[in-house]
Amino acid sequence: MKYISTRGDASVGSAARGFCDILLEGLAPDGGLYLPTHYPKVDAATLQKWRGLAYADLAFEILSLYIDDIPAADLQRLCRATYTAEVFGCAAITPLKPLEAGLFLQALSNGPTLAFKDMAMQLLGQLFEYELARRGEELNILGATSGDTGSAAEYAMRGKRGIRVFMLSPNGRMSPFQQAQMFSLQDANIHNIAVDGVFDDCQDIVKAVSNDLDFKRARKIGTVNSINWARMLAQVVYYFAGYFQATQSNAEKVSFAVPSGNFGNICAGHVARQMGLPIDRLVLATNENNVLDEFFRTGAYRPRGTAETLETSSPSMDISKASNFERFVFDLLGHDARAAARTAELFGPALVRDGGFQVTDVEFAAIASFGFVSGTSTHADRLATIRSTWERQRVMVDTHTADGLKVARQHLQPGVPMLVLETALPPKFADTIEEAIGLRPPPPAALAGLEDLPRRFTVMPPSVAQIKQYIEDHTAT
C-alpha cells in the first residue's frame, strides 16, 4: 500500500510514499493530506472472519491492509500492547451502552485521558517509538488541540524515547479539567504552549510550520493531529468493532452519529464505509460552530475567522477550519489526479481569495452517495439532552456526546441501529453537567485532585516565528 497527497504532490506509482514515511511526516510537502492510493475492499467472508475477534486482533487485521512496511509479528505485538483491558477498562475496549430501542452509545472514552483520542493516540505512541528506534532517529511532535487531542498525545508520548511534544492550545478556552490534564504534566519531553487565540490559530501555526520544509526537516517535525493518517487509520477500527457488537449478521446495516469539529473522527467512519462496512448513514453533529453542517446542507464551505469562532460548552468542537474535511472532498471529487488538482485549488487559492468555496451542483448531488447527513446542537440543546438522558436512562453524558445524541435522534430510522460515539466522559466538563442536572460528576479516583496540581505551560502570541524560535530553543543539542 502506498500513499498520495490530496493535492497531487505524489502521484500514484513510484513517487508515492510508504506508511512509515508518512507516519513520521504528517502533512505532505505540498500542504495536502495523505491518503492511500485506494481503499481496500472488505468482502462478506472477511467481515464474517473478523466478527468475534478481540479488539487488538481486529485492529491488527485492519491495519495490515494499510501497513506493509512493518513486519506482521511486530505490528500484531504493537496492537496487543496498546489495546488492553488495563488501559481501556474492559476487554471489549469500546463496549456498547443501550439507551433505548435502536439507540446506543459506543464507549470510546475509557482510556487514560477520558476521551476518544486515546483510542488512536495510544497506538500512535507505540508506532512512533518503534519506528524511531528502528531508524535511530528522534521526532519533535508539533500539535494543536482544542482540548482532548493534547492530553491524549501527551499521556501517550510522555517518557517515550526520542520524542518531544510541543502542544499548542487556545489560552483559556479549554475546560478547567482539560487544562489541568495537560498543564500538570511535568515530564521533560512535554512542552505546553497556550496561544492567545482560538484553536484555528493553533492549527494554522502547525500547518505553517509543517509547510516550511527546510525547518520541518532540520528540526524533525512530526504531528499527532488527525492530519496524521496513522491516527485516523487507528480510529477506523472502532467503527468495525461497533458494527459487530450491534449486529448479528453482515446483512444488517447500522448508522453512526459523530460529534464533529475537525472532521477526523467521522472521516474514519467514511473510510470504513468506503472499505465496505455496511454503514447506512454517517450523522455529523456540530455545535454552534456549524461550518460543516452548512456544507452538507448547502455545498458551501465557509470557514470563519478567529472573531467569529464561538466559545461554547462543547469546546473541543469550537473549530471553524476542519483539516480532515479535505480528505473527504478529495474522495468526493474522484480520488484521482484530476481530483487532486481541484482539491489543491479549493483548499489553497480559493480559501485565501474567497474565504471558502461552493461545490458544483453535480458535486453536491454526489454527497448523498457517501451517506452523510448533518445537524447542529446548541447550548440549550446540550443541557436538555444531558438532562433527559439522565432522567430517562440514568446515563450521564458529556457535552460533545450530547451534541451527537441530539442530532442522532433527528435521523433515526426503523430497523437501523444508531450508534452515537461517546467522545468524552462527563468529569471533563463538570460545570455544564452540573448546570444541566444539578449534580457534579466526580473524576475517576486516579485523577482526583488533578485541578489542584502545579502547572507548567508558556503563554505565547499566535506567531509562527515565535513558535519556531521556541522549538529551536528547546531542541538544541
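Listed here are the residues, each with its yes/no results for (1) more than 24 Å from SER323 (Cα to Cα); (2) in a helix (DSSP H, G or I).
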site: ALA365; (1), (2): no, yes
site: SER374; (1), (2): no, no
site: ILE386; (1), (2): yes, yes
site: GLU391; (1), (2): yes, yes
site: VAL395; (1), (2): yes, no
site: ALA402; (1), (2): no, yes
site: VAL407; (1), (2): no, yes
site: GLU434; (1), (2): yes, yes
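If you scan the range 432-473, which residues turn out to be polar (S, T, N, Q) and within 14 Å of PRO176 (Cα to Cα)?
THR432
Kindly establish whether VAL224 is crowded, with 24+ Cβ neighbours inside 10 Å, of a type in the set (A, V, I, L, M, F, W, C) and assigned to a helix (DSSP H, G or I).
No: the conditions fail for VAL224.
Quick check on my filter: what residues within the range 51-74 are part of a helix (DSSP H, G or I), of a type outside the set (A, V, I, L, M) and under 24 Å from the mean Cα position of the chain (by Cα)?
TYR55, ASP57, PHE60, GLU61, SER64
Is one or more of the residues making up the range 434-452 closer than 21 Å to ALA285 by Cα, under 25 Å from the mean Cα position of the chain (by Cα) and touching a residue at least 60 places away in the same chain (Cβ under 8 Å)?
no
Restricting attention to the range 287-320, report how many residues are more than 17 Å from THR149 (Cβ to Cβ), among the acidic types (Asp, Glu) and touching a residue at least 40 places away in the same chain (Cβ under 8 Å).
3
Kindly indicate whether any position in the range 134-146 is buried (at least 20 other Cβ atoms within 10 Å of the Cβ), in a helix (DSSP H, G or I) and charged (D, E, K, R).
Within the range 134-146, none of the residues are buried (at least 20 other Cβ atoms within 10 Å of the Cβ), in a helix (DSSP H, G or I) and charged (D, E, K, R).
Please work out which residue is surrounded by the most Cβ atoms within 10 Å (Cβ to Cβ), limiting yourself to the range 32-67 and to residues that are among the small types (Gly, Ala, Ser) and free of Cβ contacts under 8 Å to residues at least 24 places away in the same chain. Spell out how you get there, then give the answer.
Pass one, the range 32-67, residues among the small types (Gly, Ala, Ser): 32, 44-45, 52, 54, 56, 59, 64.
From what is left, the residues that are free of Cβ contacts under 8 Å to residues at least 24 places away in the same chain are 45, 64.
Values: ALA45: 9, SER64: 16.
Restricting to residues being among the small types (Gly, Ala, Ser) and free of Cβ contacts under 8 Å to residues at least 24 places away in the same chain, the top hit is SER64.
For the range 87-129, how many residues are outside any loop (DSSP other than H, G, I, E, B) and touching a residue at least 60 places away in the same chain (Cβ under 8 Å)?
Going through the range 87-129 one residue at a time, the tally reaches 17.
Within the range 168-183, track down each residue that is at pLDDT 90 or above, among the hydrophobic types (A, V, I, L, M, F, W, C) and either assigned to a helix (DSSP H, G or I) or within 17 Å of ALA120 (Cα to Cα) (or both).
Within the range 168-183, ALA180, MET182, PHE183 qualify.
If a residue must be farther than 21 Å from PRO427 by Cβ and hydrophobic (A, V, I, L, M, F, W, C), how many such residues does the range 152-166 contain?
Count: 4.
Can you go through ALA322, ALA272, ALA285 and tell me which one is part of a loop (DSSP other than H, G, I, E, B) and surrounded by 24 or more Cβ atoms within 10 Å (Cβ to Cβ)?
Criteria check complete, one pass: ALA322.
When you look at GLN186, is it in contact with a Lys or Arg (Cβ under 9 Å, 6 or more places away or on another chain), crowded, with 24+ Cβ neighbours inside 10 Å and either touching a residue at least 24 places away in the same chain (Cβ under 8 Å) or outside any loop (DSSP other than H, G, I, E, B) (or both), yes or no?
On the way: in contact with a Lys or Arg (Cβ under 9 Å, 6 or more places away or on another chain): yes; crowded, with 24+ Cβ neighbours inside 10 Å: no; either touching a residue at least 24 places away in the same chain (Cβ under 8 Å) or outside any loop (DSSP other than H, G, I, E, B) (or both): yes.
No.
Answer yes or no as to whether ARG302 is closer than 30 Å to ILE433 by Cα, in contact with a Gly (Cβ under 9 Å, 6 or more places away or on another chain) and among the charged types (D, E, K, R).
No: the conditions fail for ARG302.
The values are calculated or read from the model by the stated rules, or taken from the named source; none is laboratory data. Fair warning: this is a prediction, and the values are worked out from it, not measured in the lab. Because the Cβ atoms are built from the backbone with ideal geometry, glycine has one as well, and the counts that use them run over all protein chains shown.
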